[in-house]
Protein chains: 2
Amino acid sequence: MDFINTLGLAAGTLTTIAFLPQMFQTWKTKSAKDVSFVMLITFMTGLFLWLVYGMILGAVPIIMANGITLFLNLIILWLKIKYR
Amino acid sequence: MDFINTLGLAAGTLTTIAFLPQMFQTWKTKSAKDVSFVMLITFMTGLFLWLVYGMILGAVPIIMANGITLFLNLIILWLKIKYR
């Protein structure tokens, strides 16, 4: 795998797994009032469109990265609603 | 512009502007303790790598989307540190 693909893969991995610590912190502290509800809804709508975009193009990295990020943010939204 | 490009543009716009309401909420409430510090650092590192990736490829949409998202998250991180 060449440099540019490794770079893209590292970038996609980081922007995806970044939401794991947010999920665990919200789960642990049982508080997400400082996490913007409008941010979550807007971000998740965008991620869903990226997912559709990846599916139409048949681009597995786009599907994987956005699918996992969407799933993690769905859990964060659920925790935010649960602990409000 | 065809459908697939419009879809990608809409997706990129949403995942970018999503951080505006987070920035305004943090600025207004002067609190971001529920926003994970590790999330911000990991996400911003990923966004920076996407920015370099876009620059190497000369891909303006990747540069624009990730540059603006990185800038907004930098402000959120600054507000989080300021109001801790």
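Observations on the model:
- Near B:Lys33, once Lys and Arg are set to +1 and Asp and Glu to -1 for all other residues with Cβ below 12 Å from its Cβ, the sum equals +2.
- Closest approach of a chain B Cβ to the axis relating B and A (residue, whole Å): B:Asp34, 2.
- Under the shape rule built on the C-alpha gyration tensor, where the axes satisfy a ≥ b ≥ c, the protein assembly as shown is prolate, since a/c reaches at least 1.5 and a/b is greater than b/c.
- For A:Ala32, residues with placed amide H under 5 Å, excluding near neighbours: none
- Note: relative contact order over chain A, using C-alpha pairs below 8 Å and six or more positions apart, is 43 percent.
- Helix B:37-57 and the long axis of chain B differ in direction by around 20°, with both axes built from C-alpha atoms.
- Chain B: angle of helix B:60-82 to the longest principal axis, Cα-based, in degrees nearest 10: 0
- For A:Asp2, A:Asp34, order by how many other beta-carbon atoms lie within 10 Å, fewest first: A:Asp2, A:Asp34
- Using the Cβ-Cβ distance between B:Leu20 and A:Phe3 with R0 set to 25 Å, the FRET efficiency from 1/(1 + (r/R0)^6) comes to roughly 0.15.
- Against chain A, whose longest principal axis is taken from its Cα atoms, helix A:3-17 shows a tilt of about 20°.
- Inter-chain shielding of B:53-60 (mean C-beta neighbours from other protein chains, 10 Å cut-off): 2
- Maximal additional length on extending the A:Ile75-A:Ala59 stretch stands at 3.3 nm, based on 0.36 nm per residue less the C-alpha distance.
- Prolate/oblate/rounded call for the range B:1-81, Cα gyration tensor, a/c under 1.5 rounded: oblate
- With neighbour counts taken as other beta-carbon atoms within 10 Å, the residues B:Met55, A:Met39, A:Met44 rank, fewest first, as B:Met55, A:Met44, A:Met39.
Any read-out appearing in this document is the output of simple, stated calculations on the displayed coordinates, not a laboratory observation. It should be emphasised that the depicted structure is a prediction, and the values quoted were computed from it without experimental measurement. Here the Cβ is made from the backbone with ideal geometry for all residues, glycine too, and neighbour counts use every protein chain on show.
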